[in-house]
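Just so it is clear, none of the values below were taken in a lab; they were calculated from the coordinates. Fair warning: this is a prediction, and the values are worked out from it, not measured in the lab. Here the Cβ is made from the backbone with ideal geometry for all residues, glycine too, and neighbour counts use every protein chain on show.
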Amino acid sequence: MPAKNLKFKAQTQKILHLVTHSLYSNSDIFLRELISNASDAIDKVRFESLTQPDILEGNSEWKIKIVADKENNTLTLSDNGIGMNEEEVIENLGTIAKSGTETFLEMAKQNGDKSNPELIGQFGVGFYSAFMVTDKITVRTRKAGDKDAGVLWECTGEEDFSIETITKESRGTDIILHMNEDSKDYLEEWKIREIVKKYSDYIEFPVTMDIERSETPMDKDGKPVEGAEPVKTIEEETLNSKKAIWLRDKTGVTDQEYEEFYKHISHDFSKPLTHVHYSVEGTTEFTALIYIPSVQPFNLFMKEAPKNNIHLYVKRVFILKESEAILPEYLRFISGVVDSSDLPLNVSREHLQEHRVLKTIRKNLISKVLSTLKDLKEKEYTKYKEFYSQFGTILKEGVYSDYDRKASLLELLLFQTTKTTDGESKTLDQYISDMAEDQKEIYYIPGESVKDVERASHLEIFKEKNYEVLYFVEPIDEIMIQNVIDYKEKKFKSILKGDIELGEKDESKTKEVNEKFKTFNDFIKGSLEEHIKEVRISDRLTKSACCLIGDEHDMSAHLQKIMKAYNKDTPESKRIMEINPDHQLIEKMKGLFETNKDEPRLKDYAELLYDQALIAEGSKIPDPVQFNERLSNLMLQV
């Protein structure tokens with residue numbers, strides 16, 4: 001079949017140009033990326049062969065081979081992995097960063113198109129780093145099980161690529177790099193050895209290269225034979241140690257080795273925040289090496305984000321990745337490896353996820369991650385705050401999705417409060433420890449931002465009594481709290497809903513005030529019956545005239561906004577207006593009402609009172625035009 005030319009999409013062209021000309025300062029990275037991809041390809045075919053042994057075609061001597069051809073100025077990297085068919089070649093090599101092109105370009109723009117290796121793994125553009133050192137890339141590949149039908153892909157890094165059907169004798173992929181003038185060092189043995197040792201020494205499969213040696217013949221005394229020509233020999237050598245880092249004694253693994261393995265498995269070029277390397281022995285035995293990252297991946301909250309990045313091995317054979325059977329979705333930021341000798345190799349993925357041993361491993365991993373975060377919080381709080389700024393929102397997902405570990409997750413949360421300074425926060429344990437002696441509940445106020453909620457009139461009595469209030473300013477906060485009743489025997493209470501009990505009330509005085517205002521309250525309720533269901537005297541307000549609250553079990557106005565933003569149907573419920581009987585505005589309105597109950601201005605004043613309460617809480621008023629008219633009329637009377 002003749003070759004056909006296909007064009008990259010416009011966004012892909014932009015990214016390819018950026019990767020080739022601007023993104024990387026350390027071009028050595030290209031070889032690391034290609035070796036990692038080859039390792040993944042072998043992992044895939046090895047797993048598939050457990051149920052389809054025929055696809056190996058009798059060749060299970062796993063190998064990644066590098067060939068440096070100085071005469072033709074090419075560097076070839078070959079593997080006998082899963083390979084690709086034409087559709088997969090177009091999908092994988094013809095499209096870059098499918099789910100994040102816009103975000104990628106925006107981040108690159110923010111970095112001034114300067115070197116930012118962290119973007120490599122986040123957006124899956126590692127293969128294209130090879131264009132930094134090449135004038136052209138040729139890929140020859142054949143999918144395992146596809147007989148002799150292979151695919152040839154070529155690209156010069158411009159706007160298009162060519163693809164054609166070829167005959168390829170064996171499965172796997174050959175990537176032929178046609179090196180540019182500035183990159184001939186990468187054809188030198190010493191340079192290739194240096195890169196493999198630094199970045200890929202822990203790759204499980206042998207990374208090999210034919211090494212040419214020239215030796216002068218020696219006589220029986222061990223001296224060079226006079227006049228003898230040097231003898232050239234070529235021998236295939238393995239360049240990497242092939243030691244699975246997770247199976248090594250952790251005392252013999254350096255920090256740099258841990259860091260490089262993290263970059264290999266996560267494709268994240270930033271340093272991990274911390275790692276845990278441990279073994280479990282007993283009824284279930286396994287070894288785990290897990291990493292907590294320092295930087296949030298771009299697609300963490302996207303639908304297509306991976307469930308997690310834990311690689312499951314059985315006796316060093318790769319079995320499973322990205323499954324909630326290994327870790328729950330709220331820990332999807334974790335990367336690492338688990339290797340068990342207790343799981344069967346021949347079980348299907350569906351049955352594997354229900355296997356007793358895997359359930360035990362999952363439970364242990366979750367506990368280890370949470371205990372590691374707890375230790376980090378207690379012993380390295382500054383470091384923990386860095387982690388929380390990136391991943392705190394994810395932990396909140398676990399509070400409402402993992403009932404068994406709800407308390408442990410709540411222990412890890414941080415909140416800004418009415419008593420924290422800018423940018424600071426505190427744990428729920430710290431909050432409880434600082435509670436006033438007569439305070440019975442954990443108070444919180446939801447809203448869109450700290451700036452919005454810290455000025456809310458609902459906080460007035462709490463500030464006066466020196467009661468601390470948590471700021472719930474992330475959309476997930478109110479969703480999370482639906483699944484939480486209390487923490488360490490202290491109930492959570494929204495200050496925007498229901499009755500507030502702040503110490504003992506003078507019941508006789510309360511009864512007297514309610515009777516005194518009953519008729520006036522009924523009038524306001526009647527004037528605003530379209531908007532509210534009740535008017536009552538407030539225990540919250542000390543300075544403001546009024547505020548709006550919900551019934552104890554109503555959905556808050558803030559949560560309704562969030563649900564509507566996600567196009568979710570929400571029940572419309574009228575709220576309660578609370579008024580401050582000691583406020584001058586309320587006293588004057590009440591005086592006017594008692595003087596003349598039919599005074600036409602009173603209806604306008606009631607509407608203005610309602611609009612004022614909405615504005616104070618950051619909500620939209622129902623009719624801005626009428627509000628302006630009423631306000632103008634009021635000002636004209638001054």
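Numerical summary
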{"item": "Of L541, T216, S162, farthest towards positive along the dipole that unit charges on Lys, Arg, Asp, Glu beta carbons give the chain", "result": "L541"}
{"item": "The range 206-245: GluC sites (Glu not before Pro) in DSSP loop, at most 15 other beta carbons within 10 Å", "result": "E226"}
{"item": "Residues H267, H583 arranged by fewest to most Cβ contacts within 10 Å", "result": "H583, H267"}
{"item": "Residue-span extension gain [E237 to S371] - 0.36 nm each, minus C-alpha spacing", "result": "43.9 nm"}
{"item": "Cα-based shape type of the range 465-539, given that a ≥ b ≥ c are square roots of the gyration tensor eigenvalues and the cut on a/c is 1.5", "result": "oblate"}
{"item": "L414 long-range amide H proximity, modeled H, under 5 Å", "result": "none"}
{"item": "For the chain, size of Cβ-based charge dipole, Lys and Arg +1, Asp and Glu -1, in debye", "result": "940"}
{"item": "The range 390-473: GluC sites (Glu not before Pro) falling in loop per DSSP and having at most 10 other Cβ within 10 Å", "result": "E437"}
{"item": "Amide hydrogen neighbours beyond the local backbone of V314, cut-off 5 Å, H modeled", "result": "I319, S340"}
{"item": "Under-5 Å amide H pairs with E322, H placed in peptide plane, nonlocal only", "result": "N308, I310"}
{"item": "Net +/- balance of residues flanking D402 in space, Cβ distance below 12 Å, scoring K and R +1, D and E -1", "result": "+1"}
{"item": "Linear extension gain, V67 paired with E159, 0.36 nm per residue minus alpha-carbon span", "result": "30.3 nm"}
{"item": "Sorted by Cβ neighbour density within 10 Å, fewest at the top, the residues W62, W246, W190", "result": "W190, W62, W246"}
{"item": "Taking the C-alpha atoms of the range 413-494, convex hull volume expressed per residue in Å³", "result": "91"}
{"item": "Cα-based Kirkwood hydrodynamic radius, the chain, one decimal, Å", "result": "29.8"}
{"item": "Translational diffusion coefficient (Stokes-Einstein; Kirkwood radius from C-alpha pairs) of the range 509-636 at 25 °C, 0.890 mPa s, in µm²/s", "result": "157"}
{"item": "C-alpha center-to-center spacing [the range 178-247, the range 414-435] in angstrom", "result": "59"}
{"item": "In Hz, Karplus ³J(HN,Hα) per residue of the range 142-150 (6.51, -1.76, 1.60; θ = phi - 60°; x = Gly, Pro)", "result": "9, 6, 4, x, 8, 6, 8, 6, x"}
{"item": "Whole-Hz couplings from phi, Karplus 6.51/-1.76/1.60, listed for the range 323-339; x for Gly and Pro", "result": "10, 5, 5, 9, 9, x, 5, 6, 10, 5, 7, 7, 10, x, 9, 10, 10"}
{"item": "Rg over Rh [alpha-carbon atoms, Kirkwood Rh] for the range 245-400", "result": "0.94"}
{"item": "In order through the range 152-166: 3J(HN,Hα) via Karplus (6.51 cos²θ - 1.76 cosθ + 1.60), integer Hz, x for Gly, Pro", "result": "10, 10, 9, 7, 9, x, 9, 8, 9, 9, 10, 8, 8, 7, 9"}
{"item": "Antiparallel bridges, percent of DSSP beta bridges restricted to the range 509-636 (to nearest 5)", "result": "45"}
